[in-house]
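*Asks:* Here's a structure for you.
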Amino acid sequence: MRLIHAALAIADISGYTEFIRKREISLLHAEQIIADLLGAVVDGAEHPLTLNKFEGDALLLYAEIDGDPGAVVRDVHQQAGRFFSSFRQQQERMKSMRAQCDCDACANIERLSLKAFLHVGEITIRQWRQFTELAGEPLILIHRLLKNHVPVRDYLLMTDAYVRLGELEPGNVLEEAIDGLDPVLVHWMPA
């Protein structure tokens, strides 16, 4: 186990629960659609960003910060910006490829959207068999930020610590109350 300073990213598909729950759909088609959309996002990620794991309808990625922290944060920020175009391009391809299927999943691909979250902090990283496990308060925070008050469906959300470290343009500002943690200032922009 070791302690690292890392940039954290989560790419999360919005509308997944409704996509699955409120329709009589082919579960196999629904899961394949989600896998293909997330696959397009992760295929666009490059060093220093590393996929840690798939989390249902989301991806958890991280970049170890060694050297210039601002440069790593800006690089991850640029990659996160590209997540949205990769997602939309794959969404359009899938809508076209599945246009002849009449199941509810294939008919509602356009209802899915993407949101991305960026944070930075000190975490532990440990290899356990074939798994790389990440832990620490920054991971708790970024996961809790999935529930927030951003008024749009497609957006990029960054913590104030992330914005400051990367010297990035701040965007719209919100203060989010986080269960069990101090309130956190976040910046968001529509994607």
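Rule-based calculations on the coordinates, nothing more; no lab input. Treat the numbers as computed from the prediction; the structure is a model and nothing was measured. A quick note on method: Cβ atoms are made from the backbone with ideal geometry, for glycine too, and the neighbour counts reach across all protein chains shown.
*Asks:* Grab the Cα-Cα distance for I140 and V42, subtract it from 0.36 nm times how many residues apart they are, and report the gain in nm with one decimal.
*Replies:* Answer, rounded to one decimal: 33.1 nm.
*Asks:* Where does helix 69-97 land angle-wise versus the long Cα axis of the chain, in degrees 0 to 90, nearest 10?
*Replies:* Result, in degrees: 0.
*Asks:* Another question, then. Sequence gap at least 6, Cα distance under 8 Å: using those rules, report the relative contact order of the chain to the nearest whole percent.
*Replies:* For the chain, the relative contact order is 27 percent.
*Asks:* Along the range 99-109, what does the Karplus equation 6.51 cos²θ - 1.76 cosθ + 1.60 (θ = phi - 60°) give for ³J(HN,Hα), rounded to whole Hz, x for Gly and Pro?
*Replies:* Per residue, the Karplus-derived 3J(HN,Hα) values read 4, 7, 7, 9, 6, 5, 5, 5, 6, 10, 4 Hz.
*Asks:* Take the chain, connect every pair of alpha-carbon atoms lying under 10 Å apart with a spring to form a Gaussian network, then pick out the residue of R93, R129, R144 with the largest mean-square fluctuation.
*Replies:* R129
*Asks:* Compactness ratio of the range 2-190: Cα Rg over 2.2 N^0.38 Å, N = residue count?
*Replies:* 1.05
*Asks:* Compute a Gaussian network model of the chain, connecting alpha carbons closer than 10 Å, and tell me which residue from P138, P151, P170 fluctuates the most.
*Replies:* Of P138, P151, P170, the most mobile in the Gaussian network model is P151.
*Asks:* Another question, then. Can you tell me the dipole magnitude for the range 2-190 around its Cα centre, using point charges on the Cβ only (Lys, Arg +1; Asp, Glu -1), in Debye to the nearest 20?
*Replies:* 460 debye
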